[in-house]
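The values are calculated or read from the model by the stated rules, or taken from the named source; none is laboratory data. Bear in mind the structure is a predicted one, so any value in this text is a computation, not a measurement. FYI the Cβ positions are ideal-geometry reconstructions off the backbone, even for glycines, and counts take in every protein chain you see. Surface accessibility is based on the protein's heavy atoms, side chains included, excluding ligands, DNA and RNA. Shrake-Rupley method; radii C 1.70, N 1.55, O 1.52, S 1.80 Å.
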Amino acid sequence: MKFIVKSISPATYIPILYFASGVPYVIINTVSVIFYKKLGIDNAQITFWTSFLYLPWVIKMFWGPIVDVYSTKRMWIIYTQFAMSACLGLVAFSVQLPNFFFISLAALTIGAFVSATYDIATDGFYLLALTTEEQAFFVGIRSLFYRLAVIFGSGILVVLAGQLEAKLNNIPLSWTLAIGFAAVILAVIWVCDRLTLPLPESDKPRQPTQTSQIPFFKIISSYFQQPKILAILAFILLYRFGEAMLLKVASLFLLDPIEKGGLGLTTSDVGLVYGTFGVISLICGGILGGVVIAKYGLKKCLLPMALALNLPNVFYVYMAYTKPALNLVYCLVSVEQFGYGFGFTAFSVYLMYISQGEYKTSHFAISTGIMALGMMLPGIMSGYLQNLLGYPLFFIMICVLAIPGIISLLFIPLPAETNHQTS
C-alpha cells in the first residue's frame, strides 16, 4: 500500500529531512561526549571511542553507489529513519544498565553508519525530487534546518537533561529521558515521511548489473592525480588539527570541576554556553564568511579566515588559567565559535574549488571523507593528551598546532583569480 503525495511542496519535507539528518549526527559526535562525562567515563576513554564514531562519514563514499543502485532513495530514507530511531532508543535504554558504556557505544556505532547512509540517500533524493531552480532556492533552507537540529541536539536536549538532573537527582534516568525524547521525535518524523514523502519519477532502482559500470578506481585515481595533491591532503588534514582536538575536549573542560582544572559548569550551563549560544555564533560566523568570500574571493580570504579560526583558541588558555565568571565564559566561547564558523567557510569553499571535472561530485565526497578523517585522528588522541598535560598546557598546545595548517596555505594550488564565489 502506497502513501505518496506526488504534488506535495518541497517546503513541507525538505526542512524535516535535513532536521532529521542533523539530530543523529550531533547526538553521536557531540552530545555523546557530554553524557558519557556525566555518567563518569574518563576523558581519555570518551575522546578515544567517540572519535571513532566519525569513521562512517570518512568511508561513506565507498557504499554510496549501493544506495544509488539498490531500491529508491525514498525507501533508503524511510528505512534509515526507522533504524536511527531504534538506535537512539537502545542508547536511552542502555544508560540504565550496569555495562551501559559498551552497549551504548555499540548502538552509537551502528547509528553512525545508519546516519551516514541516511545522508547519502537524502542528498540523492534532494537532487532527484527538486528541479534545478528549486535546488538553488532550498539550499539555504536545508542548511538552516540542519543547523537548527544542531541547536536542538547540543543545546535544547542538553539543557533538558540538565534540568532533569536537577529535578530528579538521577543522572542516568535524566539522560534516558532526554535521548529517548530525541528517539521519539525521529520516530514521529519516520511516520510522517512514510505517509507523505513523494516518490519522484526519476527515483527508481537501477539494475544491479550497473554496479560493474561504476569506475571506482578511475574516480579515486583522478582525485589523487591532481597537481600538488600532497599539499592539498596536508591542508585538509592540518587546517583544523588543533580545532579538532578542541571540539572533543571543550565540553569536558566546561563540565570538569574546578579542582580538576575545569570550569565546573552544570549540564544546563554547557547546553546554553556551547550548544546554544556557541552554535548560534558559529552559524553567524559561517553566514558572514560566505558573504565575505562572495565579495573578495577565496584567494584573498584563506589566510585571514585561517587566523580567525585558530586565534580565538587562546581564549581557552585564558579560561583554564583564570576560571572566569559564567557571563564572560558565554562571551569567550561565543567569539571562539564565531571565528570557527567564519574560518570554516573558507575551508568548505576550497573543497568545492578542488572538486572539478567529470567526477566533481565524487571528488567532493572524497574530500569530505578526508576532512572527517582529519577530525577523527586528532580527537582520538585529545583526551590522552589532556590528561597528560592538564587543561592549560593542552590548550596552549592546541594554539601551537594551528601553525602547520596555516603554513600549508603556502603550498596549495589557489584560484588564478579572485572570482571563485559562494552563494
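Computed from the C-beta positions of Leu389 and Leu127, the FRET efficiency with R₀ = 51 Å rounds to 0.65.
Using only side-chain charges placed at the Cβ, +1 for Lys and Arg and -1 for Asp and Glu, the dipole size of region 1-109 relative to its Cα centre rounds to 320 debye. Ordered from largest to smallest accessible area (heavy atoms of protein chains, 1.4 Å probe), the residues Glu243, Glu133 come out as Glu133, Glu243. Can you find, among Gly40, Ile110, Val67, the residue sitting farthest towards the positive end of the charge dipole of region 1-113, where Lys and Arg contribute +1 and Asp and Glu -1 at Cβ? Of the listed residues, the answer is Val67.
Dipole of the chain computed with +1 at Lys/Arg Cβ and -1 at Asp/Glu Cβ about the Cα centre; of Met319, Ile258, Leu177, farthest Cα towards the positive end is Leu177. Computed in the context of the full set of protein chains, the accessible area of the chain at 1.4 Å probe radius has 71% of its extent on carbon or sulfur.
Measuring only protein heavy atoms, the 1.4 Å probe finds Leu148 accessible over about 70 Å².
Exposed loop sites here are chymotrypsin sites (Phe, Trp or Tyr not before Pro) assigned a DSSP state other than H, G, I, E or B and surrounded by at most 14 other beta carbons within 10 Å; excluding them, the longest clear run of the chain is 71-410. Put +1 on the Cβ of every Lys and Arg and -1 on every Asp and Glu Cβ in region 1-130; which of Val58, Val95, Trp76 then has its Cα farthest towards the positive end of the dipole? Of the candidates, Trp76 comes out farthest on the positive side. Counting only Cβ charges, +1 for Lys and Arg and -1 for Asp and Glu, the dipole size of region 84-173 around its Cα centre is about 300 debye. Across Asp123, Asp193, Asp256, mean-square fluctuation computed from a Gaussian network of the chain (C-alpha pairs under 10 Å connected) peaks at Asp123. Rounded to the nearest 500, the 222 nm mean residue ellipticity of the chain from helices alone is -24000 deg cm²/dmol, with -39,500 (n - 2.57) taken per DSSP H run of at least 4 residues. Averaged over its residues, the chain has an accessible area of 43 Å² per residue, based on protein heavy atoms and a 1.4 Å probe.
Given the options Leu255, Leu298, Leu326, which has the most mean-square fluctuation in a GNM of the chain, springs set between C-alpha atoms less than 10 angstrom apart? Highest fluctuation among the options: Leu326.
The alpha carbon centroids of region 242-286 and region 48-72 are separated by 28 Å. Placing +1 on the Cβ of every Lys and Arg and -1 on the Cβ of every Asp and Glu, with nothing else charged, gives the chain a dipole about its Cα centre of roughly 320 debye.
Viscosity 1.567 mPa s, temperature 4 °C: what is the translational diffusion coefficient of the chain from Stokes-Einstein with a Kirkwood Rh over Cα pairs, rounded to a whole number of µm²/s?
The estimated diffusion coefficient comes to 58 µm²/s.
Anything in the chain that counts as a DSSP H helix reaching 20 Å or more along its axis (C-alpha) with Kyte-Doolittle mean of at least 1.6? List them, would you? Within the chain the helices that satisfy the rule are 171-196, 241-255, 278-296. Classify region 183-341 from the C-alpha gyration tensor, please: rounded if a/c falls under 1.5, else prolate or oblate depending on whether a/b exceeds b/c. Oblate, since a/c reaches 1.5 and b/c is not below a/b.
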